[in-house]
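Q: To start, I am sharing the structure in question, which I have written as structure tokens.
The values are calculated or read from the model by the stated rules, or taken from the named source; none is laboratory data. The shown structure was predicted, so the numbers you read here are calculated from the model rather than taken from an experiment. Glycine also receives a Cβ, built like all others from the backbone with ideal geometry; neighbour counts cover every protein chain displayed. We work out accessible area using only protein heavy atoms, side chains counted, and drop any ligands, DNA or RNA first. Shrake-Rupley method; radii C 1.70, N 1.55, O 1.52, S 1.80 Å.
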Amino acid sequence: MSIKFEKKPGLVIYLTAGDPDLATTRDMAIAAVDAGADVIELGVPFSDPLADGPVIQRASERAVAKGTRLEDVLKTCREIRNARANAGIILFSYLNPVVRYGMTAFAKAAKDAGADGVLLTDMIVEEAGEYLEAMRANDLAPVFLAAPTSPDERLKAIAENSRGFVYAISRVGITGTQTELAADAETLVKRLKQFAQIPVALGFGISTPEHVKTVAGFADAAVVGSALVALVEKTPAAEAPRAVGEFVRQLKEGGQPST
Amino acid sequence: MSPVETINRPAPAPKSSAPGRFGAYGGRYVPETLMAALLELDQCYAEAQADPAFHAELNALLQTYCGRPTPLYFAKRLSEQLGGAKIYLKREDLLHTGAHKINNALGQALLAKRMGKTRIIAETGAGQHGVATATVCALFGLECVVYMGEEDMRRQEPNVYRMRLLGAEVRGVSAGSATLKDAINEAMRDWVTNVRNTFYILGSALGSHPYPTIVRDFQRVISRESREQILAAEDKLPDTVVACVGGGSNAIGAFYEYLNDASVALVGVEAGGRGTALGEHAARFHGGIPGVLQGTYSYVLQDDAGQVSSTHSVSAGLDYASVGPEHAMLHDSGRATYTYAMDHEALEAVKVLSRTEGIIPALESAHAIAEAIKLAPKMGKDKILMVNVSGRGDKDIGILRNEMSLEGSEAKK
Ligand SMILES: Cc1ncc(COP(=O)(O)O)c(C=O)c1O
């Protein structure tokens, strides 16, 4: 298992696979790892990303239009794993492409591709029987989301069923950048920490080194998604890996918690 | 259209112990942020169900405000012209706002009031659910935002104006094919963001548990009435009940009280659009495969990578890539059968019903009429065919004018 957050700030980086193309996705992931990202979330593009804001919606649309399939994302995962044996890699998807592939077959393929874990945006713990079984059988870490609206008994179930880390959603809403971190965020992480034996990563709206620094003060890791996807959107493909590496370096360095 | 592939179907139903299952279908596949609200809705609904005051208020408004019960009308000229079964029309088109949608919008608005929510959101395809929601929000003094695909705003323009006149804000959605599915995505994003003060009045028997059950329960009144009415008129049950199926709310309402009457055949009619290729129709049971879309496990029109397909129908209300999970169960069990009508058949059916009975049906409902036109001649004169006329066609005049020439039809009689 390669999911660990050794040096503060812990950093999880989300990329929509296939945007702008799979080879660039691979190179950006490698650049992010080399710049200090602890975990890469490799997003499987989906036609109906209803938990995502405009930035990731547009990235998904571009990747779907290019014909990016789950199989392709698995292949890219394998390439990243071959290149960086110690990187943490999570496959991030809406449920339908996985159901279409077949849950059992997917879990096996994810393991073969070298993934450490899986995050399904629209999978809640109550529905997760078959999913958890498939994860367990393949020694993959299921990562569940926890929300500021989740009552304690749900946080407990979410923490107990997650492996690798738990993903705390910083605010009530969809993905997308914001200028200030929600006040909800720290409260949620504290509530989760009562139940979680594993690291807690905080995501949604984290877009600057200052945000990362704040988050490093109370959570084990920060997840940066939309800010990075927006950077990819405005950068020519040939320059994107370097730009991503540079941005991740800034996040890692500027995000050192003050002690 | 090829029959639904059974070989290629992935192992149904992610196994689950959670409630809200219709056989393998249904469930709750949503972002965690919504779970607290769904659980709260579940509980509020259970309490309301057990509260006589809730039913008294709902029933009084259904009667005095919406115009229930709606008539069951014997369509004598249509029956004679087709030369077979006696055709009865359940007249949901006569309800206030012009479609069955208000049965559900009213019920859910009462739930919203109970829960103390002050802001209402809804999605709409044909605009009938949007108009119904805008109407009940005006009635109760609630803030109302309706999401509607821009393509649907264009083709159902009269309903956009009606919603705005009623005080609702209509937000156009340009993503995807800018139709119902895209409007639901956007409504769900709004809900995830504003879940603390917002109630989502979902317009069909779709989405995450408990919505398919709630919507069905509020639409059951259709078959509760029609069953009594046909027994009073004919002293026997219908042989066949036909309804159009978009998300499936009018159909499940029209079918529900007959589910245990084995002699009554139930026929749902989907949108056959303009062809059999993926993207050219919205017939989920004729090319769809079980999957998860917008919170529920049901048949979904999708490609082999699990990307949801675009759909086409001349009728905005049927133009949707998935279908309510209870219909998926009824389909698999064989208790109901699902067929489709093509765009041109629905258009023709509008003309037929208009000219034989003086009733202009909604293009959605016209799909059910089109099936009745095929079925009735094959049935004996002693048989009864009941058709749910889910809405009236005023909203479609613009489409009809563009799609269908009336020239020369004067001469035809
Ligand atoms: C008149 C009418 N009938 C049917 C439908 C389809 O919805 P459902 O299948 O939920 O009844 C609509 C939806 O907009 C409608 O307006």
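Q: Residue B:287 fails exactly one of the following numbered conditions: (1) of a type in the set (Gly, Ala, Ser); (2) in contact with a Gly (Cβ under 9 Å, 6 or more places away or on another chain); (3) buried (at least 19 other Cβ atoms within 10 Å of the Cβ). What is the number of that condition?
A: (2)
Q: Take region B:263-286 and flag every residue that is more than 14 Å from every other protein chain (Cβ to nearest Cβ) and farther than 17 Å from residue B:330 by Cβ.
A: B:271, B:272, B:273, B:274, B:275, B:276, B:277, B:280, B:281, B:282
Q: Within region A:198-254, how many residues turn out to be open to solvent by 30 Å² or more (accessible area, probe 1.4 Å) and not in a loop (DSSP other than H, G, I, E, B)? Steps first, answer last, please.
A: Start the filter on region A:198-254 by keeping residues that are open to solvent by 30 Å² or more (accessible area, probe 1.4 Å), which leaves A:198-199, A:208, A:210, A:213-214, A:217-218, A:220, A:230-231, A:233-234, A:236-239, A:242, A:246-247, A:249-250, A:253-254.
After this cut, where a residue has to be not in a loop (DSSP other than H, G, I, E, B) as well, the list is A:210, A:213-214, A:230-231, A:233-234, A:237-239, A:242, A:246-247, A:249-250, A:253-254.
The total comes to 17.
Q: Out of the residues in region A:51-78 that are under 19 Å from residue A:91 (Cβ atoms), in contact (Cβ under 8 Å) with a residue 60 or more places away in the chain and part of a helix (DSSP H, G or I), state the one that is nearest to the other protein chains (Cβ to nearest Cβ).
A: Only one residue fits best here, namely A:56.
Q: Being within 11 Å of the ligand (Cβ to nearest atom) and either closer than 12 Å to residue B:297 by Cβ or within 14 Å of chain A (Cβ to nearest Cβ) (or both) is the filter here, so list the residues in region B:314-326 that pass it. Show your work before the answer.
A: Within region B:314-326, the first condition is being within 11 Å of the ligand (Cβ to nearest atom), and the residues that meet it are B:315-320, B:323-324.
Correct list: B:320, B:323, B:324.
Q: Mind checking which residues of region B:224-250 are of a type outside the set (Lys, Arg), more than 16 Å from the ligand (Cβ to nearest atom) and assigned to a loop (DSSP other than H, G, I, E, B)?
A: Filtering region B:224-250 down to residues of a type outside the set (Lys, Arg) leaves B:225-226, B:228-235, B:237-250.
Those left that are additionally more than 16 Å from the ligand (Cβ to nearest atom): B:225, B:228-235, B:237-240.
Within region B:224-250, B:235, B:237, B:238, B:239 meet the criteria.
Q: Something else: Considering only residues that are within 16 Å of residue A:120 (Cβ to Cβ) and among the acidic types (Asp, Glu), look in region A:26-50 and name the one that is nearest to the other protein chains (Cβ to nearest Cβ).
A: Here the answer is A:48.
Q: Okay, moving on. With the requirement that a residue be modelled with pLDDT of 95 or more and within 11 Å of chain A (Cβ to nearest Cβ), what does region B:175-190 give you?
A: Those that are modelled with pLDDT of 95 or more and within 11 Å of chain A (Cβ to nearest Cβ): B:181, B:182, B:184, B:185, B:186, B:187, B:188, B:189, B:190.
Q: Would you mind finding the one in B:313, B:309, B:298 that is open to solvent by 10 Å² or more (accessible area, probe 1.4 Å) and within 23 Å of residue B:185 (Cβ to Cβ)?
A: B:309
Q: Let me ask another. If you check B:253, B:272, which single one turns out to be within 16 Å of the ligand (Cβ to nearest atom), touching a strand residue (DSSP E or B) at 6+ places or on another chain (Cβ under 6 Å) and not in a loop (DSSP other than H, G, I, E, B)?
A: Values: B:253 fails: touching a strand residue (DSSP E or B) at 6+ places or on another chain (Cβ under 6 Å).
Every option except B:272 fails the conditions.
Q: Considering each of B:386, B:329 in turn, give the residue that is closer than 21 Å to residue B:220 by Cα, open to solvent by 20 Å² or more (accessible area, probe 1.4 Å), away from the ligand (no atom under 13 Å from the Cβ) and not in a loop (DSSP other than H, G, I, E, B).
A: Details: B:386 fails: open to solvent by 20 Å² or more (accessible area, probe 1.4 Å).
When all the criteria are applied, what remains is B:329.
Q: Among the residues of region B:214-258, which ones are of a type in the set (Ser, Thr, Tyr) and under 21 Å from residue B:317 (Cβ atoms)?
A: Taking region B:214-258 first, the residues of a type in the set (Ser, Thr, Tyr) are B:223, B:226, B:240, B:249, B:256, B:258.
Hits for region B:214-258 are B:223, B:226, B:249, B:256.
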